[in-house]
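Engineer: Have a look at this one.
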Amino acid sequence: MEYDINDPSLAEGGVRHVEWADQAMPVLAEVRKRFERERPLAAVRIAACLHITAETANLARTLKAGGAQVVLCGSNPLSTQDDVAAALTERYETPVFARCGEDDQTYYSHIASALSLEPNLTMDDGADLVTTILTKRTDLADNIVASMEETTTGVNRLRAMEADGVLRFPVFAINDAMTKHLFDNRYGTGQSTVDGILRATGVLLAGMNVVVAGYGMCGRGLAMRMKGMGAHVVVTETDPLRALEAAMDGFEVLPMDQAAKRGDLFVTVTGNAEVLRKEHFLKMKDGALLANSGHFNVEISIDNLSELAEDIVRQVRPNVDEFRLEDGKRLYLLAEGRLINLAAAEGHPACVMDMSFALQALTAEFAVKNTADLEPKVYRVPEDIDQWVAQLKLQTMGITIDKLTERQQQYMAGWQEGT
Ligand SMILES: NC(=O)c1ccc[n+]([C@@H]2O[C@H](COP(=O)([O-])OP(=O)(O)OC[C@H]3O[C@@H](n4cnc5c(N)ncnc54)[C@H](O)[C@@H]3O)[C@@H](O)[C@H]2O)c1
C-alpha cells in the first residue's frame, strides 16, 4: 500500500482521536453497522479528496465496511491532521496522500496519486478531484459512476461545469441536503471559525467590532456566535435578501468600504474572490485581524496585501502573519487566508459531521444502486435519505416529536375546508 503522510509514528494518538470523534457520530455508526452486513459498496473504488480529520477517518471506515476500496487525499494544504493520517495508514489500512503544510505542487501531486486507484466513485470537498479528472485524467471519466460534493464552493463549480457542458458523470450535491447545510455550515462553521480565531490569536471577542462578509449559511452561524461572545457584529453582503435578513436578525449591514474603517476583526465566508482587497486594507485600523472561513484562500487578496507591505511580513505567532504597510500600519493575516477553522482548529465538531458524512455514505450507496438511471448532471440528495438522517439524529439526541394524526394528514392534503 503506497501512501505519503508526515509521520506514521503518530498513529496511536490518531486512533484515540478517531475513536473520540466516533462516539459523537452515532448516525454514521448505524450506517456502518448495516454496511458491514450488506456490503453495498463491494467492488467500488473510492477516491476521496476531503479534509483529513478524525471525522473523515470514520467516514472512510464506514465506506470500507461497505466493501469499498478507499484512498484519501487532503482537500486543503493546511487542514490535514497528521495523527489521523497516520492512524489511517497504520491502523485502518487506508492509503492517505496528505501532509499538513504541503505546498500547492504537493497538494496536486497527492490528488494525482489518489487517482492512480482508478476510482469508479469520487468524493470531493471543493471539486478539485473532479476538476483534475475532467482536465488531466479524462481517461478515468467514463468509468465514474458518480461523485459526491461536500461544500458550497464545490457545488458552485460543478453547476458551472454542467452549464458549460463539460460534466461527464453524475454528481450529488451533498452540501444542498437540509441535514448538511442547515447544521454543518451554520453551527459547525459558526462555532469552529470562532474556535480557530481564538486558538490563533487568543483575543477577547467581547467588545470587538467583527465584520462578517457574507450572510449565507456559514455567515449566519458565524455572526450569531460572534454576537453571543459579545462582539459588535457588522455584516456585508451583495445579495439584497440576505442583507435584509441580516438587518432583521439585528446586525448592522454596511458596504465593505465603510465596514473596513470599523473592523477590529474581519472574517470572509462568501465563497467569492477578493472580498477584502487593496482599497479596504488602506482604510483599515492598525492591528486589524483578517481571517477567512470560505473554501479557497482567494477571499482576502494576499497579493494586494503583499504589494502594500512591500513584502515586509513576519510571523508573530503560529497562524498569524504581520503585514507592515508603508505608513507603519500593521494588518494580521490568519492561517495564510485559508479556512481558519480547519487550519488553526479542528474543523467542525464530530456531532455535526455525523450528519454530513452519513449523507455521503448513504448517497454513495444510492448512486451505486441507481447507476442506470443517472445522467451527467448535478443531483440533489434524495429526500428520504435527508429525512432518515434527521430522524436518526433526533433519536440519538433523545428527542421525540409528534406524529400527524390521520385527520391532520387529510386536512393538509385537502383544499375543501376553508373559513
Ligand atoms: N470553513 C468551513 O468549514 C466551511 C464549511 C462549509 C462551507 N464553507 C465554505 O464557505 C463559503 C460560504 O458557504 P455558504 O454555505 O455560507 O454559502 P452561501 O452561498 O450560502 O453564502 C455565501 C454568501 O456570500 C455572499 N457574497 C458573495 N460575494 C460577496 C461579497 N463580495 N461580499 C459580501 N458577500 C458576498 C452571497 O450573497 C451569499 O449570501 C463557501 O466557500 C463554502 O464552500 C466552509
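Values quoted throughout were computed directly from the atomic coordinates according to the rules given, and no laboratory measurement underlies them. Since we're looking at a predicted model, the values are computed, not measured. Cβ: placed from backbone, ideal geometry, glycine included. Neighbour counts: every protein chain shown.
Engineer: Pairs of Cα atoms under 8 Å, at least six residues apart: use those to get the relative contact order of the chain, whole percent.
Structural biologist: Contact order relative to length: 16 percent.
Engineer: Gain in length, Asp249 to Leu204, computed as 0.36 nm per residue apart minus the alpha-carbon separation, to one decimal in nm?
Structural biologist: So the extension gain works out to 13.9 nm.
Engineer: Same structure, new question: For the stretch 280-292, what does the Karplus curve 6.51 cos²θ - 1.76 cosθ + 1.60, with θ = phi - 60°, yield as ³J(HN,Hα) per residue in whole Hz, taken in order and with x for Gly and Pro?
Structural biologist: Whole-Hz 3J(HN,Hα) from phi for the stretch 280-292: 7, 4, 5, 8, 6, 7, 4, x, 4, 9, 10, 10, 10.
Engineer: Continuing with the same structure: How charged is the neighbourhood of Thr56? Take every other residue with its Cβ under 11 Å from the Cβ of Thr56, and add Lys/Arg as +1 and Asp/Glu as -1.
Structural biologist: Net of charged neighbours comes to -2.
Engineer: If you don't mind, there's one more thing I want to ask. Relative contact order for the stretch 193-338: what is it in percent, counting Cα pairs under 8 Å that are at least 6 residues apart?
Structural biologist: That works out to 21 percent.
Engineer: With a point put 7 Å past each Cα toward its Cβ, work out how far Arg380 is from Asn143 in nm, to one decimal.
Structural biologist: Result for the modelled spin labels: 3.4 nm.
Engineer: Here's something else I'd like to know. Can you give me the Kirkwood hydrodynamic radius for the chain, using every pair of distinct Cα atoms, in Å to one decimal?
Structural biologist: Every distinct Cα pair counted, the radius reaches 22.4 Å.
Engineer: Next up: Roughly speaking, what is the stretch gain from Val316 to Ala42, that is 0.36 nm per residue apart minus the C-alpha to C-alpha distance, in nm to one decimal?
Structural biologist: 93.6 nm
Engineer: Which of the helices in the chain, when you take each full DSSP H run, stretch at least 30 Å along the axis at their Cα atoms and have an average Kyte-Doolittle score of 1.6 or higher?
Structural biologist: For the chain, where a helix must reach 30 Å along its axis and average at least 1.6, there are no hits.
Engineer: Which net charge results for the neighbourhood of Ala231, defined as the other residues with beta-carbon distances under 13 angstrom from its beta-carbon, given Lys and Arg at +1 and Asp and Glu at -1?
Structural biologist: Once all neighbours under 13 Å are counted, the net charge is +1.
Engineer: Another question about this same structure. Report ³J(HN,Hα) in whole Hz for each residue of the stretch 298-312, in order, from the Karplus equation J = 6.51 cos²θ - 1.76 cosθ + 1.60 where θ = phi - 60°; Gly and Pro get x.
Structural biologist: Each residue of the stretch 298-312 in turn: 10, 6, 10, 6, 6, 4, 4, 4, 4, 4, 5, 8, 6, 6, 8 Hz.
Engineer: A further question on this structure: Can you give the FRET efficiency for Glu326 and Met229, using 1/(1 + (r/R0)^6), R0 = 35 Å, r = Cβ-Cβ distance, to the nearest 0.05?
Structural biologist: The pair Glu326/Met229 has a calculated efficiency of 0.55.
Engineer: Compute log10 of I(q)/I(0) for the stretch 181-343 with the Debye formula, placing one identical point scatterer on every Cα and leaving out solvent, at q = 0.09, 0.10, 0.12 Å⁻¹, to two decimals.
Structural biologist: -0.24, -0.30, -0.44
Engineer: Related question: Please turn the phi angles of the stretch 168-180 into ³J(HN,Hα) values with the Karplus equation 6.51 cos²θ - 1.76 cosθ + 1.60 (θ = phi - 60°), one per residue in order, whole Hz, x for glycine and proline.
Structural biologist: Karplus-based 3J(HN,Hα) across the stretch 168-180 equals 10, 8, x, 10, 9, 8, 4, 3, 7, 5, 4, 6, 9 Hz.
Engineer: Still on this structure: Determine the relative contact order of the stretch 253-345: mean sequence separation of Cα pairs under 8 Å and six or more apart, normalised by residue count, in whole percent.
Structural biologist: Reported as a whole number, the value is 27 percent.
Engineer: How much net charge surrounds Arg277 when only other residues with a Cβ under 13 Å from its Cβ are counted (Lys, Arg +1; Asp, Glu -1)?
Structural biologist: -4
Engineer: Could you calculate the contour length gain from Asp303 to Lys136, that is, 0.36 nm times the residue separation minus the distance between their Cα atoms, to one decimal place in nm?
Structural biologist: Contour length minus the Cα-Cα distance gives 57.4 nm.
Engineer: What residues have an amide H closer than 5 Å to that of Phe97, excluding those fewer than 5 places away on the same chain, when H is modeled at 1.01 Å from N in the peptide plane?
Structural biologist: It is Asp4, Leu72, Cys73, Gly74, by chain and number.
Engineer: List, in the order given, every pair from Lys136/Lys377; Lys136/Lys278; Lys33/Lys227 whose Cα-Cα distance in the structure shown is over 29 Å.
Structural biologist: Checking Cα-Cα distances, Lys136/Lys278; Lys33/Lys227 exceed 29 Å.
Engineer: Let's test the formula: R0 of 60 Å, r as the Cβ-Cβ distance of Glu12 and Ile401. What FRET efficiency results, to the nearest 0.05?
Structural biologist: 0.90
Engineer: Find how many whole Å separate the alpha carbon centroid of the stretch 254-333 from the alpha carbon centroid of the stretch 26-98.
Structural biologist: Here the answer is 36 Å between Cα centres.
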